[in-house]
Amino acid sequence: MRTKNLWVFLAGMGTAFAQAPNKAHESVIKEINQKEKQYGVLSKQIWTLAEVGYQEVRSSAILQDQLRKEGFKVQSAVADMPTAFVASFGEGKPVIGILGEFDALPGLSQDSIPVKKSIGGIAGHACGHHLFGVGSLASVVAVKNWLVQSGHKGTIRFYGTPAEEGGSGKVYMVRDGLFKDVDVVLHWHPGDSNSASSSSSLANKSAKFRFKGISSHAAAAPDRGRSALDGVEVMNYAVNMMREHIPSATRIHYVITNGGKAPNVVPDFAEVYYYVRHPSRQYVASIWERVQKAAQGAALATGTTVEEEIIGGVHEILPNDVLSQLMHENLKGIGGMKYTPEELKYAEEISKTQGMGIRELSSVETIEPLANEGLSSASTDVGDVSWAVPTVGLRTATWVPGTPAHSWQAVAAGGTSIGRKGMVIAAKALATTAIDLFQNEKIISEAKAEFEKRRGADFTYKALVGDRKPALNYRD
């Protein structure tokens, strides 16, 4: 949606926010600055815990306890997820929601140093969700205090969303109607640069395929066995042959989670975990049917049986230009970060390690141009939220430039002052954007109009996970 009227409206926003709103911005920015060390301690606690999806019991409790202390009403264990929660403050309209994540990735345990060294954990915050949750908390607390001081009406709401990494936690919250009364949703994500965007993302569907066969002695009686691992391997071969005949934007990944226990025993059980991604959820659904047929054919060919358990499924993000322009302007006003000499030395050391990309370290000081109509190669359950309510996000440089997500380098920098600085920038951008929405509901109206136009009058939400309950044990 790039209309002349939209740009006229956005150009006029600068005049609308020239006086009192700037004072409100100064208020929340000052508060976040004053509490930076406190929020740094909270984020490091969650970084150290590094709990995986649906098992973030202590991480979720840290955020909930802090919000209760700040006067928020907290509803725990929502949408059949023990670690999900919603915290609200205020009353009436508008209702502004801010998302917070806190799950870690399995493996990737790493110390906060610029060399690869495990700290002996089973998981690591390789996507920076420890910063995501606490940064969003910092923003809603600052906005809450502004609401109290200014006497402004409205509701600020924090959504504690578990299991973003493959568990699709937000999908169940959308499916249960927890966003029905929300006017706008804001979110952010750690990264290696500072930017807001109107980009979309890849829709994604995942499942575990479990093959069952007949065990026997692999040397003395192989004819009596039927290998479940053969079923997995034939399925994988069939899917790999399929890659030539699917849209080029598709991404398919798999890992064999169980391939048997000993070479001399024909395995009677094997399991493979699949992801399918594409910019369109409709294509994901059609490609998924072909993956299912590959599994069924593999079972038939190997004399085994196969069962499928859907684990996750997310929509692509529905962009919103009105909101992304507002977020971009606020992010520009806040600016990037400056490394201390110690941080610069750390960044120089880690940038030399294997797997890092080439990017100027000084780029953390700048805000990237607003990217319109782009496409992220990642998937997120924020996508489902964006089809329920106008939604916008940003990224900040919590990692050293050139760092790939889901890497030990991301875990390491996320546990340092570099990660904390990026988190604070995000908190300020979220808080100032929320205040602008509270003070100028015309922006909300424009965002909703764009949202309805993009979504289409005939849209009906249908979760890609179907009607299943959350897969609470998907990391077991």
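Is it the case, given these coordinates, that residue 149 is of a type outside the set (Val, Ile, Thr), closer than 23 Å to residue 469 by Cβ and surrounded by fewer than 19 Cβ atoms within 10 Å (Cβ to Cβ)? Break it down into steps so the answer makes sense when it comes.
Values: of a type outside the set (Val, Ile, Thr): yes; closer than 23 Å to residue 469 by Cβ: no; surrounded by fewer than 19 Cβ atoms within 10 Å (Cβ to Cβ): yes.
Against the criterion (of a type outside the set (Val, Ile, Thr), closer than 23 Å to residue 469 by Cβ and surrounded by fewer than 19 Cβ atoms within 10 Å (Cβ to Cβ)), residue 149 does not qualify.
Residues of the range 59-95 that are open to solvent by 40 Å² or more (accessible area, probe 1.4 Å) and within 19 Å of the chain's Cα centre (by Cα): 82 alone.
Go through the range 350-375 and give me each residue that's open to solvent by 80 Å² or more (accessible area, probe 1.4 Å) and either part of a helix (DSSP H, G or I) or at positive phi (or both).
Looking only at the range 350-375, we keep the residues that are open to solvent by 80 Å² or more (accessible area, probe 1.4 Å), and these are 352, 354, 358-360, 365, 369, 373, 375.
Of everything in the range 350-375, those that are open to solvent by 80 Å² or more (accessible area, probe 1.4 Å) and either part of a helix (DSSP H, G or I) or at positive phi (or both) turn out to be 365, 373.
For residue 8, the conditions (1) modelled with pLDDT of 95 or more; (2) farther than 16 Å from residue 436 by Cα are fulfilled apart from (1).
Against the condition within 20 Å of the chain's Cα centre (by Cα), open to solvent by 50 Å² or more (accessible area, probe 1.4 Å) and touching a residue at least 12 places away in the same chain (Cβ under 8 Å), how does residue 344 come out, does it pass? No, not satisfied.
Residues checked against (1) among the basic types (Lys, Arg); (2) within 14 Å of residue 207 (Cβ to Cβ); (3) under 35 Å from the mean Cα position of the chain (by Cα); (4) surrounded by 17 or more Cβ atoms within 10 Å (Cβ to Cβ):
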site: 235; (1), (2), (3), (4): no, yes, yes, yes
site: 239; (1), (2), (3), (4): no, yes, yes, yes
site: 253; (1), (2), (3), (4): no, yes, yes, no
site: 278; (1), (2), (3), (4): no, no, yes, yes
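For the range 396-423, the set of residues classified as buried (at least 24 other Cβ atoms within 10 Å of the Cβ) and more than 19 Å from residue 124 (Cα to Cα) consists of 396 only. Just checking, does the range 328-340 include any residue being open to solvent by less than 40 Å² (accessible area, probe 1.4 Å), among the aliphatic types (A, V, I, L, M) and in contact with a Phe, Trp or Tyr (Cβ under 7 Å, 6 or more places away or on another chain)? Checked the range 328-340: no residue is open to solvent by less than 40 Å² (accessible area, probe 1.4 Å), among the aliphatic types (A, V, I, L, M) and in contact with a Phe, Trp or Tyr (Cβ under 7 Å, 6 or more places away or on another chain).
Do we have any residue at all in the range 268-284 that's touching a Gly at 6+ places or on another chain (Cβ under 9 Å), acidic (Asp, Glu), under 16 Å from residue 306 (Cα atoms) and at pLDDT 95 or above? Scanning the range 268-284, I find at least one residue that is touching a Gly at 6+ places or on another chain (Cβ under 9 Å), acidic (Asp, Glu), under 16 Å from residue 306 (Cα atoms) and at pLDDT 95 or above, so the answer is yes. Within the bounds of the range 204-219, is there any residue that is farther than 16 Å from residue 295 by Cβ and under 35 Å from the mean Cα position of the chain (by Cα)? Yes; the residues of the range 204-219 include at least one that is farther than 16 Å from residue 295 by Cβ and under 35 Å from the mean Cα position of the chain (by Cα). Are there any pairs with C-beta distances below 7 angstrom linking a residue in the range 43-54 that is within 15 Å of residue 160 (Cβ to Cβ) to a residue that is part of a helix (DSSP H, G or I) and among the hydrophobic types (A, V, I, L, M, F, W, C), with the two at least 6 apart or on different chains, and if so which? Cβ pairs passing all conditions: 43/131; 43/134; 43/423; 46/62; 46/134; 51/57.
The values are calculated or read from the model by the stated rules, or taken from the named source; none is laboratory data. The shown structure was predicted, so the numbers you read here are calculated from the model rather than taken from an experiment. Glycine also receives a Cβ, built like all others from the backbone with ideal geometry; neighbour counts cover every protein chain displayed. These accessible areas exclude ligands, DNA and RNA; they are computed on the full protein's heavy atoms, side chains included. Shrake-Rupley method; radii C 1.70, N 1.55, O 1.52, S 1.80 Å.
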